[in-house]
Amino acid sequence: MIVELGHYALVMALAISLLQSVLPVIGARRPDAALMEMAPAAAIASFIFVLLAFAALTVSYVTSDFSVQNVWENSHSLKPLIYKFSGVWGNHEGSMLLWILILVFFSALVALFGGNLPFSLKANVLAVQAWITAAFLFFVLLTSNPFQRLNPAPIEGRDLNPILQDIGLAIHPPLLYLGYVGFSICFSFAVAALIEGRIDAAWARWVRPWTLAAWTALTAGIAMGSYWAYYELGWGGWWFWDPVENASFMPWLAGTALLHSALVMEKREALKIWTVLLAIMTFSLSLLGTFLVRSGVLTSVHAFATDPLRGVFILGILVLFIGGAFSLFALRVQTLSQGGLFAPISREGALVFNNLFLTTATATVLVGTLYPLLLEAVTGAKISVGPPFFNLTFGPLMIPLLLAVPFGPLLAWKRGDLWAVCQRLYFAAGLALLTALAVTYFATGAPVLAALGIAIGIWLIAGAITDIALRSGAGRVAVPIMWQRFKGLPRSAFGSALAHLGLGISVIGIVTVTAFSTEEVTTLKPGETMVSGPFALQFEGLKPNTGPNYTELQGRFIVSRDGNRFATITSAKRIYTARRMPTTEAGILTLGPSQLYVALGDETPDGGTVVRVWWKPWVTFIWIGAVIMSLGGITSLFDRRLRIGAPATRKATAVSAGQET
Amino acid sequence: MKRLAKLMAVAKICLLSLALPALAVTPDEVLDDPVLEERAREISAGLRCLVCQNQSIDDSDAALAKDLRVLVRQRLVEGDSDQEVVGYIVSRYGEFVLLKPRFSAQTLLLWAVPVIVLCGGLAYLIINAGKNRRSRTGMLLSQQEQADLEKVLSSRDHDS
């Protein structure tokens, strides 16, 4: 009964979304306040209905109701409770439902907190959101219904893919979808603005918090996914340039560009047309990502959908929304005025530089991901585009961008003085140079690129600190006044400094682990010892163990350094009972920022076990940096001017009025 | 409880009979010469495992990947250069095995897109900047406006 109610709620949500897609637009055109008023109410109602549907599916999972096909295929009565919850979205149907839930959640947020939006803009934004909602509800109801019943009901389920039975599944997809789908709001704002034919700095002020929120979630989601792959897949890699990773990375790159260009538009009313285009592109890439992952076009661990109808359906949605938005853009671009002039050397100029490189990077990842598919479709030739391609193209694009980062926040708006900024960055540049020399000196034989990479990381970190220090008046005022100024700095200043600092930390982690990690593979018998980095690992042998829905063989290692035993590592090979699927559970010992990573392999006939050990210096910096970047996003989100719309708006009009006279 | 016991029994059989995945390079494959081994690893990282999903043969557990790894090492031991080894594998398995496609008519666009976007964007910005400068000179004040402006400014000077 609950299952049918869930299904019914989903149909109700579709009906409401259809109304919400049409009536507010008519209302905004006429104008008819009553018709526009229905948009927020409908948005909240469809959120409640989708939430009910999601709750219904969750109940079926938690109670292990195997009469529901989706539950039978992806759950098991012995599965731990947390995975019964997270398993709801550990499959195609459920994950699409989560996608829609987050979409309507964002619509409801606009409905609730968009009180200071112009009436017609709010109506149009919610209508565009409803178009997307309706399209995806159709998709779920027609091709991927999670509420399909089975008769007779099986006694036991087929269990969740063991790789997904991890805390990562509880966190990674929701965060990722918050990011992916969060960009839908920027898209809806862009399309609504195009419909209205009017875009100003106030528009950017409304779009920026949504972009920030989506970007923050996406950053955290990608980092989480990366760490999950790192410890779960068992070969210690943290980024594989897998098409599915690229699918989430492209919206991130475009979203990062959007975040920066929206800043220019908000502060200086420049780059309007570009910002709108970027908002459309970012969500288009999210849709493309959804298509790539959900259609089964790519063969990957993530693609649990192989039904061609689904692929065609999502492709239709993709063409409709991306094509429609770009056509609308082409039609309306003339009506938008390009405002705010600036010299090439200026804050705006730096942000344009940022956008140029991020857009090129996005295009590179896009072409690398799609090229094999397109080439095969057109000529039938099969090629592969993998990590070596991306490292060779994406890497060099990042170097000028990263080098430019510390300049951006120090340049003045409109017209900047590059030489003056260079002087302010002496300290950061000196520190970076010293680091490069130190790396080359201490790590003999270190590749030049490693020294350069670490120096860039230090440059970013020191640059971010310089930015905050100068804003607080370092070198110009006394320390107590500096402290006062420091406390009075806008949150957005801390936000961008934190994000750039986090970026520097990630860069250091990436470079260090790429250049200095070591890998040992050997066969050990119980009692034997192997060496990895500065450590010795003594193998204690294998021991069987049973978990709730798996059995495993645990291998224990005693770790010592210079003869002192100080830790043990347990690594395991698991077999999940229901699917009879083996997985490796890597043993990871975190020492400061570095990690010792142990994975077990086959047993050899003579009683030994294949053991692989990686020493990964500073590897955690990669994710710590990403977390700091997300914290920067959150900090910016709490900036005064994003929280309090009204006074800021008045100020903005006063400034623009001042410019006109 | 009985069901649980039965499951455990099944699991035990699985544990005994099922071969667990080997982890990519196994000790028996590793060459004695560390320089050759290093070269083998580098070559392997650029070759795709044909039966896997987006994995290099260096990362893959598949049997075919192991065969290829052994083949790469054999050729290296026999004195082939890196190019010769890759060329040999490509001649047997086609361009599909290369994770970094070769530059050719087919892959022209793939390699060109980053350059086109970057240079195109740069060119657009430069042209636009030129246009802006021209339009800015067009926005200079007329003589009348200039006179008015001076009047306003001078009156303010008197005020202060």
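How about the stretch A:322-343: which of its residues are part of a helix (DSSP H, G or I) and either at the interface with chain B (Cβ under 10 Å from one of its Cβ atoms) or more than 22 Å from residue A:253 (Cα to Cα) (or both)?
Correct list: A:324, A:327, A:328, A:330, A:331, A:332, A:333, A:334, A:335.
Take the stretch B:83-111 and flag every residue that is among the aliphatic types (A, V, I, L, M) and within 9 Å of chain A (Cβ to nearest Cβ).
Once the filter is applied, which keeps residues that are among the aliphatic types (A, V, I, L, M) and within 9 Å of chain A (Cβ to nearest Cβ), the stretch B:83-111 yields B:97, B:98, B:99, B:109, B:110.
I'd like the residue in the stretch A:360-381 that is polar (S, T, N, Q) and either surrounded by 22 or more Cβ atoms within 10 Å (Cβ to Cβ) or outside any helix (DSSP H, G or I) (or both) and, out of all such residues, is nearest to the chain's Cα centre (by Cα).
Among residues in the stretch A:360-381 that are polar (S, T, N, Q) and either surrounded by 22 or more Cβ atoms within 10 Å (Cβ to Cβ) or outside any helix (DSSP H, G or I) (or both), the one nearest to the chain's Cα centre (by Cα) is A:362.
Here is a check on your reading of the model: is residue B:84 out of contact with any strand residue (DSSP E or B) (no Cβ under 6 Å at 6 or more places or on another chain), charged (D, E, K, R) and modelled with pLDDT under 90?
no
Considering each residue of the stretch A:69-83, count those that are surrounded by fewer than 21 Cβ atoms within 10 Å (Cβ to Cβ) and either without any contact (Cβ under 8 Å) to a residue 40 or more places away in the chain or of a type in the set (A, V, I, L, M) (or both), and give that number.
Qualifying residue count for the region: 3.
So that you can scan it fast, the table gives a plain yes or no per residue for (1) over 22 Å from residue A:374 (Cβ atoms); (2) modelled with pLDDT under 90; (3) in a helix (DSSP H, G or I); (4) in the same structural domain as residue B:50 (by TED's automatic domain parsing):
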| residue | (1), (2), (3), (4) |
| --- | --- |
| B:75 | yes, no, yes, yes |
| B:109 | no, no, yes, no |
| B:120 | no, no, yes, no |
| B:125 | yes, yes, yes, no |
| B:133 | yes, yes, yes, no |
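Being more than 22 Å from residue A:640 (Cβ to Cβ), of a type in the set (S, T, N, Q) and within 21 Å of the chain's Cα centre (by Cα) is the filter here; which residues of the stretch A:494-521 pass it?
The answer is A:506, and nothing else.
Would you check if residue A:559 is in a helix (DSSP H, G or I), touching a strand residue (DSSP E or B) at 6+ places or on another chain (Cβ under 6 Å) and in contact (Cβ under 8 Å) with a residue 12 or more places away in the chain?
Spelling it out, it is not the case that residue A:559 is in a helix (DSSP H, G or I), touching a strand residue (DSSP E or B) at 6+ places or on another chain (Cβ under 6 Å) and in contact (Cβ under 8 Å) with a residue 12 or more places away in the chain.
If you scan the stretch B:46-100, which residues turn out to be free of Cβ contacts under 8 Å to residues at least 24 places away in the same chain and touching a Cys at 6+ places or on another chain (Cβ under 8 Å)?
Result: B:55, B:57, B:62, B:64.
Name the pairs: first residue in the stretch A:529-552 and away from chain B (no Cβ under 14 Å), second residue of a type in the set (Asp, Glu) and outside any strand (DSSP E or B), Cβ to Cβ under 9 Å, at least 6 apart or on different chains?
A:534/A:562; A:536/A:562; A:538/A:528
Return the residues of the stretch A:1-40 that are β-branched (Val, Ile, Thr) and more than 14 Å from residue A:195 (Cβ to Cβ); say none if nothing qualifies.
Residues satisfying the conditions are A:2, A:3, A:11, A:16.
Out of all the residues in the stretch A:227-268, which are over 21 Å from the mean Cα position of the chain (by Cα) and either more than 30 Å from residue A:414 (Cα to Cα) or within 14 Å of chain B (Cβ to nearest Cβ) (or both)?
A:234, A:235, A:264, A:268
Among the residues of the stretch A:441-449, is there at least one that is among the hydrophobic types (A, V, I, L, M, F, W, C), over 24 Å from residue A:499 (Cα atoms) and part of a helix (DSSP H, G or I)?
yes
Restricting attention to the stretch A:621-628, does a residue exist that is assigned to a helix (DSSP H, G or I), more than 20 Å from residue A:532 (Cα to Cα) and either modelled with pLDDT under 90 or among the small types (Gly, Ala, Ser) (or both)?
Within the stretch A:621-628 (the criterion being assigned to a helix (DSSP H, G or I), more than 20 Å from residue A:532 (Cα to Cα) and either modelled with pLDDT under 90 or among the small types (Gly, Ala, Ser) (or both)), the answer is yes, since at least one residue qualifies.
Criterion first (within 23 Å of residue B:54 (Cα to Cα) and surrounded by fewer than 20 Cβ atoms within 10 Å (Cβ to Cβ)) does residue A:433 satisfy it?
When the stated conditions are applied, residue A:433 does not pass them.
Count, please, the residues in the stretch B:48-63 that happen to be of a type in the set (S, T, N, Q) and within 18 Å of residue B:29 (Cβ to Cβ).
3
Given the criteria more than 18 Å from residue A:592 (Cα to Cα) and crowded, with 18+ Cβ neighbours inside 10 Å, does residue A:494 qualify?
Taking the combined requirement at face value, the residue satisfies it.
Which residue is farthest from residue A:531 (Cα to Cα), if the candidates are limited to the stretch A:577-593 and must be in a loop (DSSP other than H, G, I, E, B) and of a type in the set (A, V, I, L, M, F, W, C)?
Among those that are in a loop (DSSP other than H, G, I, E, B) and of a type in the set (A, V, I, L, M, F, W, C), it is A:578.
Tell me, which residue of the stretch A:407-423 that is in a helix (DSSP H, G or I) and touching a residue at least 40 places away in the same chain (Cβ under 8 Å) is farthest from the chain's Cα centre (by Cα)?
Among them, the one singled out is A:418.
Name the residue that is surrounded by the fewest Cβ atoms within 10 Å (Cβ to Cβ), counting only residues in the stretch A:30-53 that are among the hydrophobic types (A, V, I, L, M, F, W, C) and over 25 Å from residue A:102 (Cβ atoms).
It comes out as A:34.
Since residue B:54 meets every condition but one in (1) within 9 Å of another protein chain (Cβ to nearest Cβ); (2) surrounded by fewer than 21 Cβ atoms within 10 Å (Cβ to Cβ), which condition does it not meet?
Every condition holds for residue B:54 apart from (2).
May I ask you to list the residues in the stretch A:594-616 that are within 11 Å of chain B (Cβ to nearest Cβ), assigned to a loop (DSSP other than H, G, I, E, B) and free of Cβ contacts under 8 Å to residues at least 60 places away in the same chain?
Within the stretch A:594-616, none qualify.
Inside the stretch A:3-15, can you point out the residues that are buried (at least 16 other Cβ atoms within 10 Å of the Cβ) and touching a residue at least 60 places away in the same chain (Cβ under 8 Å)?
If the condition is that a residue be buried (at least 16 other Cβ atoms within 10 Å of the Cβ) and touching a residue at least 60 places away in the same chain (Cβ under 8 Å), then A:3, A:6, A:7, A:10, A:13, A:14 are the ones that fit.
Suppose we keep only residues that are aliphatic (A, V, I, L, M) and more than 8 Å from every other protein chain (Cβ to nearest Cβ) within the stretch A:344-359. Which one would you say is farthest from the chain's Cα centre (by Cα)?
Out of the qualifying residues, it is A:345.
The values are calculated or read from the model by the stated rules, or taken from the named source; none is laboratory data. Computed from a predicted structure; not experimentally measured. FYI the Cβ positions are ideal-geometry reconstructions off the backbone, even for glycines, and counts take in every protein chain you see.
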